[in-house]
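Here the structure comes first, spelled out in structure tokens, and everything after it is commentary.
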Amino acid sequence: MLPRLERPDLCRDGAPPLRVRVRYTRAEVSGRASLHSNTITLRLNEHMVPKDKLAKIINHELAHTRGLTHAQMLGSNLYCWLPGWEKHFTWAVELPLDRKPSKLRTEGSEGWIAWMSHLKKLLNIVKLS
Ligand SMILES: [Zn+2]
């Protein structure tokens with residue numbers, strides 16, 4: 001069996017497609033990826049985190065997909081929350097990563113009107129019982 005080599009560049013020709021799963025949570029923003037996998041899971045809360053912080057988390061998880069372990073990342077502010085990490089991710093601040101407003105809950109939208117109508121029906125049911 002051939003040893004698995006660290007992927008030098010995810011953007012190189014022939015690199016397998018990466019799958020990014022996004023989960024929403026009330027907890028702190030975080031990420032997860034297994035070594036040499038092609039899947040990253042990002043856990044985001046409803047509040048947008050600073051874009052440079054999100055980019056750093058994605059970079060950390062990408063490193064896992066390339067085969068880097070925490071021991072190999074130790075001491076690097078490119079992968080760990082060490083002083084000066086922000087300087088590597090200033091480019092991310094300009095990325096269009098803002099959260100889109102929910103169509104369902106945007107006041108006055110069709111989805112919002114339907115949702116409010118549903119809530120009123122539920123309240124009437126509760127009042128009657
Ligand atoms: Zn990690």
Next on the checklist: Taking amide H atoms as placed 1.01 Å from N in the peptide plane, list the residues 5 or more away in sequence, or in a different chain, whose amide H sits under 5 Å from that of ARG66.
Outcome noted: HIS36
Checklist entry - Which loop-located trypsin sites (Lys or Arg not before Pro) does region 20-67 contain, where loop means any DSSP state but H, G, I, E or B and the Cβ has at most 13 other Cβ atoms within 10 Å? => result ARG26
Checklist entry - Fewest first, what order do TRP115, TRP91 take by the number of other Cβ atoms within 10 Å? => result TRP91, TRP115
Item to check | Calculated from backbone phi, Karplus (6.51, -1.76, 1.60) coupling profile of region 116-122 in Hz, x at Gly/Pro | outcome: 5, 4, 4, 5, 4, 4, 4
Next on the checklist: Show me the GluC sites (Glu not before Pro) within region 25-74 that DSSP assigns to loop and that have at most 11 other Cβ atoms within 10 Å of their Cβ.
Outcome noted: GLU28, GLU46
Checklist entry - Under a 5 Å amide H to amide H cut-off, with H placed in plane at 1.01 Å, what residues pair with GLY31 once short-range neighbours are removed? => result ARG43
Checklist entry - Short version: ³J(HN,Hα) in whole Hz for each residue of region 22-35, in order, from phi by Karplus 6.51 cos²θ - 1.76 cosθ + 1.60 (θ = phi - 60°), x for Gly and Pro, what are they? => result 10, 10, 9, 9, 8, 7, 4, 5, 7, x, 8, 7, 8, 4
Checklist outcome for this item: Any residue on another chain or 5+ positions along whose placed amide H is under 5 Å from the amide H of ILE40 is listed here as ARG19, VAL20, ARG21
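Where a number appears in this text, it was derived from the coordinates with a stated rule and is not lab data. Treat the numbers as computed from the prediction; the structure is a model and nothing was measured. Please note: Cβ atoms are built from the backbone with ideal geometry, for glycine as well, and neighbour counts cover all protein chains shown.
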